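J.: After the structure tokens below, expect a handful of questions from me.
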Amino acid sequence: MIGIIVTGHGGFASGLEKNVKMIAGDGVELTAIDFTEGLGLEELKDQIKAAVDKYADCDCTLILCDLAGGTPYNSAVTISVSNPKVRVISGTNAPLLLDLAMRNVMEEGAEDVDALAEEMMTSGRDGINKFVLDLEDNGDEDGDGDGI
């Protein structure tokens, strides 16, 4: 199993948790830690550390954050420095989290935490798309629509 911790400002983490559980089912195992107004830095670090400890028996743990350089990210990085099985990723989105969560549902482990982190970053990038309306050219050059 892979330990999954999601953290970020406001309701970011709990929102993503609800999103993924709606799609993948309530059986998805992850820990969401929101950094809300009034929550102190030490309390946030304690919550992240407790979540990392909860996943101590996992192959590895990924801490997924909203923004690089923000308080949740910095707290996660500080904790990860002393744990070789923990990696921190910023810029987390639903496709990344869903891919990672489904690995646990499918009971896939991870032997190489760095390779897993790279795969998840690719998954997150691949999940970003832009809709482009591509109107098929029907050969009607004058645009009157009668095709003659």
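J.: Of the lysine pairs in the chain, how many meet both conditions: Cα atoms under 20 Å apart, and a spacing of 8 or more in sequence or different chains?
T.: Working: Lys21/Lys54; Lys45/Lys54; Lys45/Lys85; Lys49/Lys85; Lys54/Lys85.
Lysine pairs satisfying the spacing and distance rule in the chain number 5.
J.: Once the other residues with Cβ under 12 Å from the Cβ of Asn104 are scored (Lys, Arg +1; Asp, Glu -1), what is the net sum?
T.: Working: positive: Arg103; negative: Glu29, Asp59, Asp99, Glu107, Glu108.
Counting the neighbours of Asn104, the net charge comes to -4.
J.: Another question about this same structure. Could you tell me what percent of the accessible area of the chain is made up of carbon and sulfur, with a 1.4 Å probe and every protein chain present? Could the numbers behind the result be given before it?
T.: Values: 4370 of 8630 Å².
Carbon and sulfur together cover 51 percent of it.
J.: Just round it to a whole percent: the fraction of Cα-Cα distances in the chain exceeding 24 Å. Walk me through the numbers before you get to the answer.
T.: Values: 3875 of 10878 pairs.
Counting pairs separated by more than 24 Å, the tail of P(r) holds 36 percent.
J.: Roll a 1.4 Å probe over the protein chains and send me the accessible area per residue for segment 1-67 in Å². Can you show the working numbers first?
T.: Details: 3180 Å² over 67 residues.
Computed with neighbouring chains in place, this is 47 Å² per residue.
J.: Going toward the positive end of the dipole of the chain, with +1 on Lys and Arg Cβ and -1 on Asp and Glu Cβ, which of Ala110, Ile33, Leu64 do you reach last?
T.: Checked the options; the winner is Ile33.
J.: Please say if segment 1-74 is rounded, prolate or oblate, where rounded means a/c under 1.5 for a ≥ b ≥ c the square roots of the C-alpha gyration tensor eigenvalues, and otherwise the choice is prolate for a/b larger than b/c and oblate otherwise?
T.: Working: a/c = 1.96, a/b = 1.23, b/c = 1.60.
Oblate, since a/c reaches 1.5 and b/c is not below a/b.
J.: Quick one: putting +1 on the C-beta of Lys and Arg, -1 on the C-beta of Asp and Glu, what dipole do you get for the chain around its Cα centre, in Debye to the nearest 20? Before the final figure, lay out the partial values.
T.: Values: 10 positive and 29 negative charges, 255 e Å.
Its charge dipole is roughly 1220 debye.
J.: Mind giving me the FRET efficiency for Ser82 and Asp59? R0 is 25 Å, r the Cβ-Cβ distance, nearest 0.05 is fine. Before the final figure, lay out the partial values.
T.: Details: r = 18 Å, r/R0 = 0.72.
After rounding to 0.05, the efficiency reads 0.85.
J.: How far apart, in nm, are two points set 7 Å out from the Cα along the Cα-to-Cβ line at Leu133 and at Lys18?
T.: A separation of 3.2 nm, rounded to one decimal place.
J.: With each label point set 7 Å from Cα along the Cα-Cβ vector, what nm distance links Asn74 and Asp126?
T.: About 3.5 nm, to one decimal.
J.: What is the Cα radius of gyration of segment 38-89 over 2.2 N^0.38 Å, N being its residue count? Could the numbers behind the result be given before it?
T.: Values: Rg = 10.5 Å, N = 52, 2.2 N^0.38 = 9.9 Å.
The value comes to 1.06.
The values are calculated or read from the model by the stated rules, or taken from the named source; none is laboratory data. Nothing here was measured: the structure is a model prediction, and the numbers come from that model. So basically every Cβ, Gly included, is an ideal-geometry build from the backbone, and we count neighbours across all protein chains shown. For the accessible areas, the whole protein counts, side chains as well, though only heavy atoms, and no ligand, DNA or RNA atoms are used. Shrake-Rupley method; radii C 1.70, N 1.55, O 1.52, S 1.80 Å.
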